[in-house]
Amino acid sequence: MKSYRKELWFNVPTRRAFINITPQVNECLKESEITDGLLLCNAMHITASVFINDNESGLHQDYERWLEELAPHEPVSQYLHNRTGEDNGDAHLKRQVMGREVVVAITDGRLDFGPWEQIFYGEFDGGRRKRVLVKIIGK
Ligand code: ZN
């Protein structure tokens, strides 16, 4: 069995963003030389997500609006978490809703996606360097 590990770094200038990271993950898969197995991709920070969905800008705007309705950033004083002096209480909640990680089957050397599936990094507290872990095991 082969094993591969890589950290992808992001520094999103805005507080929130959705980034299609499928090309970077595909690059990892190529590097790994694994053709049959499982790929795990997870955000390494508790205010960011990795999730799978459609690469469609309207959907991403819908996520943004929906998440702001569920957990508005302002006023930051509404979150008990922010009594620690932070201002990212909303980002923790948004990450929980959008998820920590995805697992994708590797078949014949490619990501074995369903129709329209792509992998996204969801940033909810940007403006600093953050990491995503890619781990692949297989043969
Ligand atoms: Zn926090």
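Taking every DSSP helix (H) stretch of at least 4 residues in the chain, weighting each as -39,500 (n - 2.57) and dividing the sum by the residue count yields a mean residue ellipticity at 222 nm of -8000 deg cm²/dmol. All other residues whose Cβ lies under 12 angstrom from that of Arg95 are scored, Lys and Arg at +1 and Asp and Glu at -1, for a net of 0. Across the range 39-47, computed HN-Hα scalar couplings (Karplus, 6.51 cos²θ - 1.76 cosθ + 1.60, θ = phi - 60°) run 10, 10, 9, 9, 5, 9, 10, 7, 10 Hz from first to last residue, x flagging Gly and Pro. With angles folded into 0 to 90 degrees, how steeply does helix 89-98 sit against the dominant principal axis of the chain? Use alpha carbons for both and round to 10. Around 40 degrees separate the two axes. Relative to the longest principal axis of the Cα atoms of the chain, the long axis of helix 57-70 lies at roughly 40 degrees. Counting 0.36 nm for each residue step from Glu101 to Arg83 and taking away their Cα separation leaves a gain of 3.7 nm.
Computed extension gain for Met1 through Leu70, at 0.36 nm per residue and net of the alpha carbon distance, reaches 20.5 nm. For the pair Leu59 and Trp9, label points projected 7 Å from Cα toward Cβ lie 3.0 nm apart.
For Lys6, the aspartates and glutamates whose Cα comes closer than 16 Å to its Cα, not counting residues fewer than 8 places off in the same chain, are Glu27, Glu31, Glu33, Glu101. Solvent-accessible surface of the range 2-138, averaged per residue with a 1.4 angstrom probe and all protein chains in place: 54 square angstrom.
The values are calculated or read from the model by the stated rules, or taken from the named source; none is laboratory data. Only a predicted model underlies this, so the values are computations on that prediction, with no experimental measurement involved. Don't worry about glycine lacking a Cβ; one is built from the backbone with ideal geometry, like all the others, and counts go over all protein chains shown. We work out accessible area using only protein heavy atoms, side chains counted, and drop any ligands, DNA or RNA first. Shrake-Rupley method; radii C 1.70, N 1.55, O 1.52, S 1.80 Å.
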